[in-house]
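The values are calculated or read from the model by the stated rules, or taken from the named source; none is laboratory data. Everything numeric in this text was worked out from a predicted model, so none of it was measured. Counting neighbours? That spans all protein chains shown, and the Cβs are built from the backbone with ideal geometry, glycine included. Note: accessible area is taken over every heavy atom of the protein model, side chains too, but ligands, DNA and RNA are not part of it. Shrake-Rupley method; radii C 1.70, N 1.55, O 1.52, S 1.80 Å.
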Amino acid sequence: MIEAGQYDMRTGAGLIACPRCDALHVETELLDGEKAACIRCGHVLARPREGAFTQIVALSFTSLVLMVAAVFFPFLEISRMGLGNATSLFGVAMAFSQGWLMPLTVAMLAFIVGLPALRAALLVYVLLPMRGQGRPARHAGQAFRLSELLRPWSMAEIFVIGTSVALVKVAGLATVSLGPAFWAFCALIIVGAASDVFTCAATIWDTLEDRGAFTDGREVVPDADAAARERRIAEGAPPAPDSAG
């Protein structure tokens, strides 16, 4: 934890690397509406927005609701010559839940349903208590780090694209009717994209650090001593003795 404007080349404290080109920049505190971009490639490094935490929480709750609808509502119906069959995603998974296809079923549910739902729940857990000037929840730093690790593995959009390609081929053999679960998945992709637009990882890390949550201790804070006292209070530890005394 260091003050704004300082940095340490040995540990990387006070520096931020561009995720696209690896250019190093000195980290500074940004106000709402300001934007920090890479001087080499122009990639946006941080963009704090007023009310972004509330918007992300709302979108995450929406994702959870849509995920329940996408799993249990009818996904599609296939009919031919007067005979039809409708099924949900959960029903398909249960149909292949025995035998050597069980690992495939588990993987499908994990990557398509489990990971997106877990990431949305983690964002709610981290950001809901911090709306306004609230303190972060216990282990909020670890929860947000896990949500960032899960981001590349959420594959709901890949599932929808693959399903659409398969339905184009099946449509030539039978009549295919898309159910509400399919459209819930499509809405889930849009909501997830909107959540990613509002999510600024650098801003969230800085807010966690400023309000006393445990992180790796390298984030820039306006007042390092005050942030250290906030962390001790959040962790339930006694206050440090005054060095001036």
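At pLDDT 65 or above, buried (at least 17 other Cβ atoms within 10 Å of the Cβ), assigned to a helix (DSSP H, G or I) and not aliphatic (A, V, I, L, M): is that true of residue 162 in this structure?
Criteria not met by residue 162.
Just name the residue that is nearest to the chain's Cα centre (by Cα) out of those in the stretch 4-24 that are of a type in the set (Gly, Ala, Ser) and modelled with pLDDT of 80 or more.
17
Return the residue satisfying two criteria in turn: it lies in the stretch 59-82 and is farther than 24 Å from residue 197 by Cβ and free of Cβ contacts under 8 Å to residues at least 40 places away in the same chain, and of such residues it is most open to solvent (accessible area, probe 1.4 Å).
Applying the filter and picking the extreme gives 81.
For the stretch 184-201, check the following and say yes or no: at least one residue is modelled with pLDDT of 80 or more, surrounded by 14 or more Cβ atoms within 10 Å (Cβ to Cβ), among the hydroxyl-bearing types (Ser, Thr, Tyr) and not in a helix (DSSP H, G or I).
Yes, the stretch 184-201 has at least one match.
Could you identify the single residue in 135, 119, 151 that is out of contact with any Gly (no Cβ under 6 Å at 6 or more places or on another chain) and either outside any helix (DSSP H, G or I) or at positive phi (or both)?
Just a single option satisfies the conditions, and that option is 135.
For residue 45, which of the numbered conditions (1) among the aliphatic types (A, V, I, L, M); (2) in contact with a strand residue (DSSP E or B) (Cβ under 6 Å, 6 or more places away or on another chain); (3) open to solvent by 70 Å² or more (accessible area, probe 1.4 Å) fails to hold?
(3)
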